[in-house]
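The values are calculated or read from the model by the stated rules, or taken from the named source; none is laboratory data. Because the structure is a prediction, the values reported are computed rather than measured. Cβ: placed from backbone, ideal geometry, glycine included. Neighbour counts: every protein chain shown.
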DNA sequence: CTGAAAGCGCTAACAC
DNA sequence: GTGTTAGCGCTTTCAG
């Protein structure tokens with residue numbers, strides 16, 4: 001790597017003169033300037049990033065974004081949002097844990113050695129201790145869970161409301177035997193959605209029937225098949241996420257039942273790529289993921305700047321009605 | 001930010017002693033060591049990344065990964081691969097151009113000021129001039145196109161072969177009136193796939209009928225509807241990508257034709273999330289994207305290390321047969 | 001054991 | 001106009 005000094009030696013001037021020319025500052029004779037520019041180009045000179053940020057006061061802040069799985073559209077969208085919030089003067093260092101919790105903790109713990117100004121943890125499963133530990137060194141943004149530490153802000157989605165409105169929608173569209181295919185209950189998010197579902201059912205004096213199912217298509221498929229085989233009366237299904245819903249949809253079709261006429265289905269997350277491709281298209285509770293990513297980055301910048309006022313930011317999900325649950329008023 | 005000097009002052013020792021303790025090097029009296037560790041923790045000391053990389057010889061190499069759209073599963077997978085290749089000692093700076101060519105060029109041009117060791121350009125539309133310009137400063141890995149410059153290596157997929165084998169597969173499964181819904185022909189990739197299709201058709205003395213259609217679902221849907229409305233005989237469709245194929249599938253279903261019995265369909269890219277969710281599931285030509293990402297990172301590291309021997313790396317796609325084109329032998 | 005000193009590459013006063 | 005100097009925060013000889 002070419003350095004200022006090399007250029008200086010080659011052109012018989014001082015380092016500072018070279019620096020001036022290359023940065024277009026101060027006055028330098030046209031002759032030297034030409035010579036310097038020429039040599040710099042020949043050498044393919046590129047200023048050393050680290051040296052420069054050390055010498056200057058003004059740093060480019062880099063944010064460490066830790067996701068469990070960049071292939072998952074949810075996190076890809078989140079990433080997009082974060083990227084958007086980083087204008088010209090911030091960089092995103094992406095760290096994928098490949099769904100390995102151990103690796104994830106390692107990444108979080110090491111992040112501070114990589115010169116990031118702060119980190120965004122796009123996952124709700126991190127241990128509280130780790131968050132607290134890391135936040136004593138650098139600002140942290142986390143999702144889905146509140147922390148009362150001055151270097152941490154959390155972004156939460158109103159899962160309760162999302163589940164509530166999805167369930168209510170099913171009810172208002174004529175369903176009365178609505179089951180909930182939920183996530184495993186050790187996850188906070190799953191519990192909140194379960195509660196939202198229950199609240200809506202209770203409000204209309206309907207019996208809540210919920211199963212902890214899981215998070216992928218097959219889980220939804222298997223459980224739904226089981227339910228239908230058992231002869232249990234069902235005319236509506238509210239699912240933990242879109243994948244589970246797609247699985248349920250598959251099972252319903254196998255039983256030659258119509259969606260939404262016989263059974264209406266609503267998912268959660270609103271992965272458009274998925275919801276609009278299946279037929280009938282799937283109604284789902286939309287999370288403003290991209291916006292959430294954008295806001296998390298902005299809040300991180302605030303934290304880095306020293307603004308300690310913000311503790312959390314709540315987003316409201318919104319139901320997107322598609323074919324799988326509409327026109328069902330009887 | 002706490003510095004070594006602050007700790008040194010507070011503990012009445014020299015900077016170098018503090019450095020030794022914090023790095024576990026050299027011999028330091030137990031008493032001082034304790035004191036230093038204690039103060040360091042209190043201050044929430046974190047070594048300055050830039051200062052450290054400057055002082056040490058051993059740098060963490062960071063790779064700049066430029067993608068047009070991280071939400072697109074193709075690029076998400078590519079990113080995954082790159083991440084995988086970066087072990088403990090490399091970081092990925094992700095830069096999303098949001099499909100804005102102008103922004104993309106800006107990102108590529110600026111990358112070198114961010115201290116990256118090299119960049120991977122996950123897009124085939126960049127201008128040759130830009131690639132050449134940037135590669136005079138830092139190593140570059142590009143896709144789909146060859147360059148004869150010592151600081152550039154390219155990763156290419158054998159699109160011709162992929163298209164050829166997909167088409168041949170359709171023929172061998174009993175199709176003879178096979179149309180190709182292709183991409184726009186200004187894209188190199190589209191042309192290669194078109195040629196592969198043609199080659200296979202020619203080999204079996206069948207008439208090639210190809211249309212430049214585009215890249216999204218709606219394009220495939222519209223064109224297929226048009227074709228079916230026209231009464232043209234069709235029993236097989238080979239599409240530019242999976243989205244187009246899904247669109248075509250939709251159109252075929254609307255005409256109450258069976259897939260694959262009446263019309264078999266094959267896509268390209270093998271986006272599993274998509275292919276396995278539609279029904280019937282979609283056959284597709286698989287690109288080993290993740291592996292491509294991994295290899296591109298590895299080659300970039302070679303380039304950075306000074307290995308100038310590798311110029312390009314070719315990947316072979318592989319057909320994945322699913323319901324939309326199978327069991328059709330008559 | 002401990003610390004002074006040099007230096008990584010660059011910037012920014014401040015002299016000349 | 002141009003060069004000297006003093007750091008930025010850290011690591012690493014090398015004396016003591």
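Quick notes
- Matching option when the condition is over 25 Å from residue B:151 (Cβ atoms) and within 14 Å of DNA strand C (Cβ to nearest atom), among A:6, A:59: A:59
- Any helices (runs of 4 or more DSSP H) falling wholly within the stretch B:143-235 and containing at least 3 residues that are touching a residue at least 60 places away in the same chain (Cβ under 8 Å): B:159-172, B:188-203
- Tally of residues being in contact with a helix residue (DSSP H, G or I) (Cβ under 9 Å, 6 or more places away or on another chain) and near DNA strand C (Cβ under 7 Å from one of its atoms) across the stretch A:9-25: 5
- Taking the criterion of being in contact with a helix residue (DSSP H, G or I) (Cβ under 9 Å, 6 or more places away or on another chain) and surrounded by fewer than 19 Cβ atoms within 10 Å (Cβ to Cβ), the residues of the stretch A:145-158 that qualify are A:145, A:147, A:149, A:150, A:158.
- Residues located in the stretch B:85-107, provided they are more than 9 Å from every other protein chain (Cβ to nearest Cβ) and farther than 18 Å from residue B:75 by Cβ: B:87, B:89, B:90, B:102
- Test: residue in the stretch B:3-11 that is more than 7 Å from DNA strand D (Cβ to nearest atom), away from chain A (no Cβ under 11 Å), over 40 Å from the mean Cα position of the chain (by Cα) and exposed (fewer than 15 other Cβ atoms within 10 Å of the Cβ): yes
- Among (1) buried (at least 24 other Cβ atoms within 10 Å of the Cβ); (2) within 15 Å of the chain's Cα centre (by Cα); (3) in contact (Cβ under 8 Å) with a residue 60 or more places away in the chain, the one test that residue A:139 misses: (2)
- Picking from residues in the stretch A:22-62 that are in contact (Cβ under 8 Å) with a residue 24 or more places away in the chain and in a helix (DSSP H, G or I), the one that is farthest from the other protein chains (Cβ to nearest Cβ) is A:35.
- From B:244, B:259, B:278, residue being part of a loop (DSSP other than H, G, I, E, B), more than 11 Å from every other protein chain (Cβ to nearest Cβ) and in contact with a helix residue (DSSP H, G or I) (Cβ under 7 Å, 6 or more places away or on another chain): B:259
- Residue A:267 vs. criteria modelled with pLDDT of 95 or more, within 14 Å of chain B (Cβ to nearest Cβ) and touching a strand residue (DSSP E or B) at 6+ places or on another chain (Cβ under 6 Å): yes
- Residues that are without any contact (Cβ under 8 Å) to a residue 60 or more places away in the chain and assigned to a helix (DSSP H, G or I) within the stretch A:63-77 comprise A:75, A:76, listed in sequence order.
- Every residue from the stretch A:245-260 that is in contact (Cβ under 8 Å) with a residue 24 or more places away in the chain and under 20 Å from residue A:326 (Cβ atoms): A:245, A:246, A:248, A:249, A:250, A:252, A:257, A:259, A:260
- Those residues of the stretch B:221-244 which are surrounded by 15 or more Cβ atoms within 10 Å (Cβ to Cβ), more than 15 Å from residue B:325 (Cα to Cα) and more than 23 Å from the chain's Cα centre (by Cα), in sequence order: B:221, B:222, B:223, B:224, B:225, B:227, B:228
- Selection from the stretch B:108-142 of residues that are in a loop (DSSP other than H, G, I, E, B) and away from chain A (no Cβ under 14 Å): B:123, B:124, B:125, B:126, B:127
- Residue A:132 touching a strand residue (DSSP E or B) at 6+ places or on another chain (Cβ under 9 Å) and in contact (Cβ under 8 Å) with a residue 60 or more places away in the chain: no
- Residues located in the stretch B:72-84, provided they are out of contact with any strand residue (DSSP E or B) (no Cβ under 9 Å at 6 or more places or on another chain) and more than 7 Å from chain A (Cβ to nearest Cβ): B:72, B:81
- Scanning the stretch B:24-74 for residues that are at pLDDT 90 or above and closer than 16 Å to residue A:54 by Cβ gives B:46, B:47, B:48, B:49, B:50, B:51, B:52, B:53, B:54, B:55.
- Set B:30, B:42, B:88: member being more than 16 Å from DNA strand D (Cβ to nearest atom), surrounded by fewer than 18 Cβ atoms within 10 Å (Cβ to Cβ) and not assigned by TED's automatic domain parsing to the domain that holds residue B:122: B:30
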